[in-house]
Amino acid sequence: MVEKLTGKDDLILALNSGSSSLKFGIFYRGAAEEEPLLTGSAEGIGHSNGSLHIRSSDGKPLILREGILESQSDALSALGAAVQEHIHNTTPPLPPCASAICGVAPVPSPPIP
């Protein structure tokens, strides 16, 4: 795990949102290339078997939460809170907007006919 990052500008967030999942990776700028810090996913969004998984850079499970995630917005909020809870202990504090992923709101998916 990363012992110390030089600042919040060293973090990179990658999101991949599907119809019932949200996958993410948080990376930091290493000496030569980006290095993973946390990866994970929210699966089963909108279904009764939803889950949130977060893993460390070595693949070790850090968080496994089972429960219903009603929407992409719910999943993003749960993800933001869980990441902030974990990353706050290993890096400098994230900006106050981190629980909402710095003001990036999920774009609503068009209704499926």
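The values are calculated or read from the model by the stated rules, or taken from the named source; none is laboratory data. From a predicted model like this one, the values you see are computed outputs, not experimental measurements. Positions of Cβ are backbone-derived with ideal geometry, glycine not excepted, and every protein chain shown enters the neighbour counts.
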Take the conditions at pLDDT below 85 and exposed (fewer than 11 other Cβ atoms within 10 Å of the Cβ) and apply them to residue 100. Does it pass? no
Test for residue 14: is it surrounded by fewer than 17 Cβ atoms within 10 Å (Cβ to Cβ), more than 16 Å from residue 78 (Cβ to Cβ) and modelled with pLDDT of 90 or more: yes
Check residue 52 against each of (1) under 16 Å from residue 17 (Cα atoms); (2) surrounded by fewer than 17 Cβ atoms within 10 Å (Cβ to Cβ); (3) modelled with pLDDT of 70 or more and name the one condition it does not meet. (2)
Top-ranked residue in segment 33-49 [being touching a residue at least 24 places away in the same chain (Cβ under 8 Å) and surrounded by fewer than 19 Cβ atoms within 10 Å (Cβ to Cβ); ranked as nearest to residue 16 (Cα to Cα)]: 44
